[in-house]
Each structure stands twice: as structure tokens, then as C-alpha cells.
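Beneath this line is the structure, given in C-alpha cells, with notes to follow.
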Amino acid sequence: MEYFVQQLINGVTLGSIYGLIAIGYTMVYGIIGMINFAHGDVFMIGAFIALISLLILGSLGLTFIPLALLIVLIVSMLLSSVYGWTVERVAYRPLRGSFRLAPLISAIGMSIFLQNYVQIAQGARVKPIQPVVNGGIVVMESPNFVVTLSYMQILIVLTTLALMAGFSYLIAKTALGRQQRACEQDRRMASLLGINVDRTISLTFVMGAALASVAGMMFVLYYGVIDFFIGFLAGVKAFTAAVLGGIGSMPGAMLGGLLIGLIETFWSAYFTIEYKDVAAFSILVLVLIFLPTGLLGKPEIEKV
Amino acid sequence: MSALLEIAGVETFYGNIQALRGVDVSVEKGEIVTLIGANGAGKSTLLMTLCGSPQARSGQITFDGVDITRKPTFEIIRMGIAQSPEGRRIFARMTVMENLMMGGTTADPAHFDADLEKVFTLFPRLKERQGQRGGTLSGGEQQMLAIGRALMSRPRLLLLDEPSLGLAPLVVKQIFEAIKQINQEEGMSILLVEQNAFHALRLADRGYVLVNGAITLAGTGRELLARPEVRAAYLEGGH
Ligand SMILES: Nc1ncnc2c1ncn2[C@@H]1O[C@H](COP(=O)(O)OP(=O)(O)OP(=O)(O)O)[C@@H](O)[C@H]1O
Ligand SMILES: [Mg+2]
């Protein structure tokens, strides 16, 4: 029982990280109908920016952790946004209106470029970091197992919840969110209403990148090590989460992220840790075959 | 003083297919101008070309003295043009209210309530349906919504593409009355594309006949109604 609860806590934490990345996949898919294959690498870049800015703040002698984390959060969101924006400008916009596979190929090129760029700039070896947020709460105790909820886990889940609430509100209730939904549904009509479609698409990439960078920051703080390749696995899993939840659906991305995090954690806890990545990929294949619209995907019922 | 809208020698292509062959059309302030023509004549293409999507390959389009031929669509719209396009293009997954809010994208938010009230007075049906999703409205309701959405931006020039298409005669009458009312009360200039030539020509100050991408006839609504070739091609059998 204690072991189970501990895995549940770990799974929800991991799921939060996947959910944050998955939102970027789903939003970009919603608006341009294509997968952003460089999204996982923007997550990786976000993690590196967080790590570097933490080290810089540390060397400047900033020891008040909450302030340091807030600064790191803002810096990595801002800088990663520039990467997200650039990915759209370089890999997608010039090829809009070209055949469908063209932007996918250029995005994969972008992904490889980003990986190599970080590999050269930061080295190929894993980068460790000292734990920043320490301690936790003991939730349950038995003679041979102690269930802890670390402060880092609380921080991850709360940040994720706050960001998801904020973004859901933005999409549902603000003018920008309505413009994004309008572009999703009918880009030409959106422009006929005076919406700058190019700008709206750019903003969507930027928002996805900002969320992914938060995930990257949480990842580096939680696991303490990163390398230039983390974007690939995390990206594929978050993509699986987005597909499982129903690509194009925001709540779907959150739910999918949570489920993938839980499945992966329980799989490694009760079966074998070696095959934990296989679990995520198997789900991707099964969902694509049996449930292509995902759990919360939009059924196409409207008459127009 | 030049006209509010001046289209001169406009040619538009889809790939190699030429859809407009040197079209000249003008709309003065406060006028209702109608464009009639058979299926595939290029009427919708003309309305879309003047919104910059697709752009004209040659010729010039001037709105309020400004050359808009090469401007991107959203900038043209922001100058004060609104279109209720062919096929209505309602946002199906948005509510009626959200669709109307989208219509007000370029408008001053301070006008929103007043403009909404005006649209609801014109089409009381929309008020009853404001929380319903656009995709579930009836065809006539969608048409009202498309026109209402276009009005929400307070355009100086309103483009209507076949607002009567597929509607029952009673609804058509309502829509045409609404168009007249908008024009008289607001002094809004209107360019109306119609298959329903009889109604359109009776309503309009002036009209143009478009055949195969070129204007073949122009004149006041009354003049065109009396022309035998117009009667033969566009009025026989139908009103
Ligand atoms: N996207 C497109 N690609 C290629 N050809 C097009 C496209 N849109 C329109 N056309 C062609 O351009 C010509 C004019 O079309 P348009 O839609 O402007 O006609 P219309 O006068 O509005 O007709 P209708 O009364 O049927 O709406 C037609 O021959 C049509 O096939
Ligand atoms: Mg047409």
C-alpha cells in the first residue's frame, strides 16, 4: 500500500511535466494541423537555460531560493519563447502552403540542429546540478516503507496546475484565445475579420515553448541531470500524451500527460524499469490504431 | 472626390486559370451596389480579391483613396471593410455570442454593447440563440449570424456574398429588409453579390453584370431590370 501511494505521487509529478509539454504539441497541431517535431528540443533548451541561469544566479550569490526560482522561470520562459518563435519562422512559415510533409521534414531538421547546437555548446556529457529544493513531508509510514511527498514534487504539481488554469482561461475567455480558436477553425475567415493570422500562429508556438520551458526547468530541478538528448524521449512521450488525450484538445493534453506519467511510473515500479519507454511507445501505437481521436478528441459532428 | 471603393482593371488568377479579366467596379459612399452573374462568373472571386485573398495579379483597388491592392487581408479589413462570405463560414465550434465577438475584433471595445444591441434588434433570433454553437444553427440563422458578425466591426463598406442563398422566401425578404435598413440608418455602403437578381436590382442604387470574369453591363438597378438581356439571363422563371 505505501509503495503504491509513493508511485502514485511520483507518477502525478512526472505526468505534470509531460502534460506541460503536451499542451504545446496540441496547441500547435490545433492551429496549423501539424506536429511540431522540434518541440521536445525546445523543452531540452528550456532545461539548459534554467540550469545555466541557476548557476549564474548561484555564482552571483543569490541564495534566497524562491526569488532565484522565479527569476529562472521568467528567464527560461522568455528565452525559450524566442526559440519557439524561431522554429515557426524558419521551419514552418516558409513552407506553409507547400506539400504536407515538407514542414515536418524541416522541423525534424530543426530538431537535429538544436540537439547538435546544444551538444557543441554545452558538451555531450550529462550536466548535473546540486539539489535546489530539498526536504518534504512524510505522508505515510510503516515499519519498512516511508512515503514522502517532496517539496519539489509539490512545487511541480502546483506550478503545473496554476499554468494550466491560466492557459485554459486564456484560451476560453480572452480575445487572444478566441483569435487562436478562430484560426484553428477557419484561417481564411479569421483573416477576413481582421486577425493577423501569421502573428497568431507565432504566438501559439511561443506559448507552447514557454510551457515546455517550464517543464524543462522542473525536469532539471527534479532529476538533477540533463543532457542534449532529453528532448527526444520526453518529446515522444508528451506527444503520446497529446495523442492519447485527443490531439487538438487542451484538457486532453493534460489528462494524457497525467496518464502517461502514471503508466510509466507504475510500469517501472511493478514490472521492469528497462522497458518503461516501450510502455509509452506501445500506448502510442495502440491509441493510433484503436482510438485515433483520443480520449477527449473533438468528434466531427457539426454541420457546416 | 473619388469613390469609396474603386476597382480598376483587376485581373485575378487561380494558378493558370484566369477568373477576373479586367474588372472595373466602383462604390460611392452610402450606395448599395449589386453584382449579378451566373455560377462561376467570378463574383465571389471579386469580393475576395478586394480583401486581398487571393491578391489581384494586375489592376488597382483603391479604398477611401488608399491603394490596397497589395495589402495583406487583415490590414484591408482594419481599414473598414467587412465581408459576409460565400458559404457563411460561421465558426462552428464557437457560440453565437463568440462569433459576434470575433466580428468585433477590429472594433473599439467601447462600442461592443451598442453594436451587439443593434445586431440583436436587426435579427432578434440571434439574441435567443446566443449561447448555442454556430455549427448547430439552421441555414437561415447562420446567414443572419454571418451578416451580424460582419456588422460588429462597424464597417464603412459591407460585402455580402449571396446572402439569400438557400433560404426560404420569407427569410430572404427579412434579410433584404435588414440590408436596406442598415444602408438607410447607418449610411453604410454595401456591395451585394446575388443570384436573386430581381430582389437585388430592386434594392440597389446601381448594378453590374459579370460574365466570365468581365463586366458586360452596368447601370442603375432600374435600368438593368428593364434590359432584355438581363431579363432573359437572370430573371426568367425566378422571383
Ligand atoms: N480556389 C480556386 N481554385 C481554382 N479555381 C477557382 C477557385 N475558386 C474559384 N475558382 C474558379 O474561378 C471561377 C470563378 O469562381 P467564383 O467562385 O468567383 O464564381 P461565382 O461567380 O462566385 O459563382 P457562384 O455563383 O457559383 O458562387 C470559377 O470558374 C471557379 O471554378
Ligand atoms: Mg460565389
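The values are calculated or read from the model by the stated rules, or taken from the named source; none is laboratory data. The shown structure was predicted, so the numbers you read here are calculated from the model rather than taken from an experiment. Here the Cβ is made from the backbone with ideal geometry for all residues, glycine too, and neighbour counts use every protein chain on show. Heavy atoms of the whole protein, side chains included, go into the accessibility calculation; ligands, DNA and RNA do not. Shrake-Rupley method; radii C 1.70, N 1.55, O 1.52, S 1.80 Å.
Note on residue A:161/residue A:140: beta-carbon distance plugged into 1/(1 + (r/R0)^6) with R0 of 25 Å gives a FRET efficiency of 0.65. Rolling a 1.4 Å probe over the protein heavy atoms of chain B, with every protein chain left in place, gives an accessible area that is 49 percent carbon and sulfur.
Solvent-accessible surface of region B:1-69, taken per residue with a 1.4 Å probe and all protein chains present: 39 Å².
Counting, for every residue in B:79-88, the Cβ atoms of other protein chains within 10 Å of its Cβ and taking the mean gives 2. Subtracting the Cα-Cα distance of residue A:96 and residue A:116 from their residue separation scaled by 0.36 nm leaves 4.6 nm.
In whole angstrom, chain A maps to an equivalent ellipsoid with semi-axes of 32, 23, 19, each derived as √(5λ) from the alpha carbon gyration tensor and ordered largest first.
Placing unit charges on each Cβ (+1 for Lys and Arg, -1 for Asp and Glu) gives region B:91-155 a dipole about its Cα centre, and among B:106, B:121, B:131 the Cα reaching farthest toward its positive end belongs to B:131. In whole percent, and with a 1.4 Å probe on the protein chains, what portion of the accessible area of region A:22-159 is carbon and sulfur? Looking at region A:22-159 in its full context, I get 71 percent from C and S.
Computed over protein heavy atoms with a 1.4 Å probe, the accessible surface of region A:2-290 works out to 43 Å² per residue. Between residue A:126 and residue A:290, the contour length at 0.36 nm per residue exceeds the alpha carbon distance by 55.2 nm.
Think of a 1.4 Å ball rolled over the protein heavy atoms: region B:91-155 then has 38 Å² of accessible area per residue. Which net charge results when you count Lys and Arg as +1 and Asp and Glu as -1 among the other residues whose beta-carbon is under 11 Å from that of residue B:114? The answer is -2. For region B:91-155, the equivalent ellipsoid built from the Cα gyration tensor has semi-axes of 18, 12, 10 Å, listed from largest to smallest.
Look at the stretch A:111-120: the mean tally of other chain Cβ atoms within 10 Å of its residues' Cβ atoms is 0.
In this assembly, the B-A interface accounts for approximately 2400 Å² of buried accessible surface in total, computed with a 1.4 Å probe and without ligands, DNA or RNA. The angle between the Cα long axis of helix A:65-87 and the longest principal axis of the Cα atoms of chain A comes to about 30 degrees, rounded to the nearest 10. Inter-chain neighbour count for B:61-74: the average number of beta-carbon atoms from partner chains within 10 Å of each residue's beta-carbon is 2. Each Lys and Arg adds +1 at its Cβ and each Asp and Glu adds -1 at its Cβ; summed about the Cα centre, region B:91-155 shows a dipole of about 200 debye.
Protection proxy ranking for A:76-84, B:32-40, using the average of other Cβ atoms within 10 Å per residue and placing the highest first: A:76-84, B:32-40.
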